[in-house]
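Quick notes on the structure that follows.
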Amino acid sequence: MTKRFRSATVVDHVSFSVPPGEVTGYLGPNGSGKSTTVKMIVGLLHPSEGRVLFAGRDVREDSAAFKRRLGYVPEEPNLYTYLTGLEYLQLAGRLRGMDASHVDKKANQLLEGLSLTEARWAPISSYSKGMRQRILIAAALLHDPDLFIFDEAQSGLDIANAVLFRHLLQELARRGKTILYISHVLELVERICSRVVILCQGRVAADDSVAALRALMKLPNLEEIFAQLAHHDDLETRARDIASLISV
């Protein structure tokens, strides 16, 4: 896919696959085109060139059917904050065509699993950032989709819920779900992703398993691989320079 905004090419002939049964990491520095790619996949933006295929079919042929098979947690939690947590999940379920009684049962089960039972009748406006994130995760899981896209979904989660989310990703993959995971937490990506796609200046700089990239580039971890592929200069030296400026 390619996406242009006037004369600026933000995503430049990006092509990759996300196989079922594993977690694929999608990485890149700020401004590399990650969010634009995701918005094209979920239908919020149309590509200037190219297309998105799901199960071999262009998703734009029946976007409503595709979205029923998609669970998406966006980077920014845009929620109806005047609704309670349970009401939000009820709305999400009904919009996806789920039966009301089934929505209520499943929503309450997810709220319990994500430690939100006591807050289910409270308006989302009173929720912390981590609680809002868990409501978004619950909404993505509610209709048992085949494809999940998690864009910085662990943002704001406390330690216990971050560990729970990591185990959840691994379990979903074991159950054959297709998962695209976008994050800046490279240690977590290295731990849970079978494969990573690294984007730099709108183009794919690498697409392979973490182990293969380590062997190919003779670097010990994903952080150093990412820094080299993203053309970052010596960040440790830059950090020392910034710290030195404070005392000048």
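Nothing in this text is a laboratory measurement; each read-out follows from the coordinates by a stated rule. Since the model is a prediction, treat every value here as computed from it, not as a measurement. Glycine gets a Cβ as well: all are built from the backbone with ideal geometry, and neighbour counts include every protein chain shown.
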Next item on the list: Take the alpha-carbon centre of segment 46-97, take the same for segment 113-162, and report the distance between them in whole Å.
Entry: 16
Checklist line | Loop trypsin sites (Lys or Arg not before Pro), segment 6-83, which have at most 16 other Cβ atoms in a 10 Å radius of their Cβ (DSSP) | finding: ARG6, ARG51, ARG69
Next item on the list: May I ask for the longest run of the chain untouched by chymotrypsin sites (Phe, Trp or Tyr not before Pro) that are loop-located per DSSP and have at most 16 neighbouring C-beta atoms (other than their own) within 10 Å?
Entry: 122-248
Notebook entry, point to check: Under a straight-distance cross-link criterion of Cα-Cα below 12 Å, which aspartates and glutamates are reachable from LYS34, leaving out those fewer than 8 residues away in the same chain?
Noted result: ASP12, GLU75, ASP151, GLU152
Notebook entry, point to check: aspartates and glutamates near LYS177 by alpha-carbon distance under 12 Å, same-chain residues fewer than 8 away left out - which ones?
Noted result: GLU22, ASP144, ASP146
Margin query: Quick check on the chain: what does the Kirkwood estimate of hydrodynamic radius come out to from the alpha carbon pairs, in Å?
Written below: 19.5
Item checked: Spin-label model distance (nm) - LEU245 vs LYS129, 7 Å beyond Cα toward Cβ -> 2.4
Next item on the list: Between ARG69 and ALA212, with labels modelled 7 Å along Cα→Cβ, what's the label distance in nm to one decimal, could you check?
Entry: 2.5
Checklist line | Over segment 56-99 - Rg/Rh using Cα atoms and the Kirkwood inverse-distance radius | finding: 1.05
Next item on the list: Would you compute, from DSSP H runs of 4+ residues alone, the mean residue ellipticity of the chain at 222 nm, taking -39500 (n - 2.57) per run and dividing by the full residue count, rounded to the nearest 500?
Entry: -12500 deg cm²/dmol
Next item on the list: Can you find, among PHE54, SER244, LEU180, the residue farthest towards the positive end of the dipole of the chain? Put +1 on the C-beta of Lys and Arg, -1 on that of Asp and Glu.
Entry: PHE54
Item checked: Sum of side-chain charges, ALA140 neighbourhood, beta-carbon under 14 Å (Lys, Arg +1; Asp, Glu -1) -> +3
Check: For the residue pair LYS105 and THR237, what label-to-label distance in nm results when each label sits 7 Å from Cα along the Cα-to-beta-carbon direction?
Finding: 6.3
